[in-house]
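Student: My questions all concern the structure below.
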Amino acid sequence: MDYSRLAPTLLVEEDGPLRIVTLNRPDELNSVDDRLHEGLRRVWDLLVDDEQARAVVITGAGRTFSAGGYLPNFIRNHNDLDARRKDIREGERLARAMMSCELPVVAAVNGPAVGLGCSLASMSDFVVMAEDTFMSDPHVRVGLVAGDGGAVTWPWLTSLLWAKEFILLGDRIPAADALRMGLCNRVVPGNEVLATAKEFARRFAALPAQAARDTKRALNMHLLDSANTVLNFALAAEYESFGTEDVKIQVARFLAKADRETSQPQPQPE
């Protein structure tokens, strides 16, 4: 299978029966720009067509799993209706493609998983988190309806009350709390995340292929039923929220804060 068309923002490495999918924008904290968004939507169909693949590990390059959406695109989507429509449609296709992927998917959450990054983890089948990291879905805090994976998956993974608290308020969920709440399966030291994810992916890969694939499909029918109920409304509402002044103001604040933090003098090595 030729995955090269997804590079350089999304890398797919073959490791025996495993496919290691790496979000590869480390300098931008693996935030999802247009090219990475498209790659994340396309990769699931390629993986299903890969006859040698038996399981998938998804992770992030550098120190972050994914910081979520690329903030400059939020301002663009506020002003450009065509770009907004394309972005929302791409988000729907990504969510449906990932939840429909027949291969077991293990998320190696090596650093913060925020917004869409958090959704990618929650749409996986097994989640390994670094003990010093966190999840967060700040859609509402930046003025957007939480239209993608979290609104579909979180009520299944944890309770509806937990989902309402952490999606509406956007608070960080440390790894230990994510484990307690049912948002991840294992918490390990940061330097063991990828190895642990591969270990479980190999266990999934060793299962009888048809039995594993179709059992996953059966289990994910619950999520797909929820997606059919939730996604159309949630994404239409997210489309509308991109046009509000709230998102313009809140994103400008986030960008200004990021600029201030990056402009601070950095300690020099001795």
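Student: Take the conditions charged (D, E, K, R) and crowded, with 23+ Cβ neighbours inside 10 Å and apply them to Asp171. Does it pass?
Tutor: no
Student: Which residues, counting only those in the range 122-165, are buried (at least 24 other Cβ atoms within 10 Å of the Cβ), among the aliphatic types (A, V, I, L, M) and either free of Cβ contacts under 8 Å to residues at least 24 places away in the same chain or assigned to a helix (DSSP H, G or I) (or both)?
Tutor: Selection gives Ala151, Val152.
Student: Name the pairs whose Cβ atoms lie under 6 Å apart, with the first residue in the range 1-13 and free of Cβ contacts under 8 Å to residues at least 12 places away in the same chain and on the phi < 0 side of the Ramachandran plot, the second in a strand (DSSP E or B) and of a type outside the set (D, E, K, R), and 6 or more positions between them or separate chains?
Tutor: Glu13/Ile20
Student: Check Ala234, Ala197 and return the single one that is under 20 Å from Gly91 (Cβ atoms) and assigned to a helix (DSSP H, G or I). Show your work before the answer.
Tutor: Numbers: Ala197 fails: under 20 Å from Gly91 (Cβ atoms).
The unique qualifying residue is Ala234.
Student: Another question, then. If we keep just the residues of the range 58-102 that are in contact with a Lys or Arg (Cβ under 6 Å, 6 or more places away or on another chain) and buried (at least 22 other Cβ atoms within 10 Å of the Cβ), which is modelled with the lowest pLDDT?
Tutor: Asn77
Rundown of residues vs (1) of a type outside the set (D, E, K, R); (2) in contact with a Ser or Thr (Cβ under 7 Å, 6 or more places away or on another chain); (3) loosely packed, with under 14 Cβ neighbours inside 10 Å, yes/no style:
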position: Leu183; (1), (2), (3): yes, yes, no
position: Asn191; (1), (2), (3): yes, no, yes
position: Arg202; (1), (2), (3): no, no, no
position: Asn228; (1), (2), (3): yes, no, yes
position: Asn232; (1), (2), (3): yes, no, yes
position: Glu238; (1), (2), (3): no, no, no
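The values are calculated or read from the model by the stated rules, or taken from the named source; none is laboratory data. As the structure is a prediction and not an experimental result, all values here were calculated from the model. Quick reminder, even Gly has a Cβ in these numbers, built from the backbone with ideal geometry, and neighbours come from all protein chains shown.
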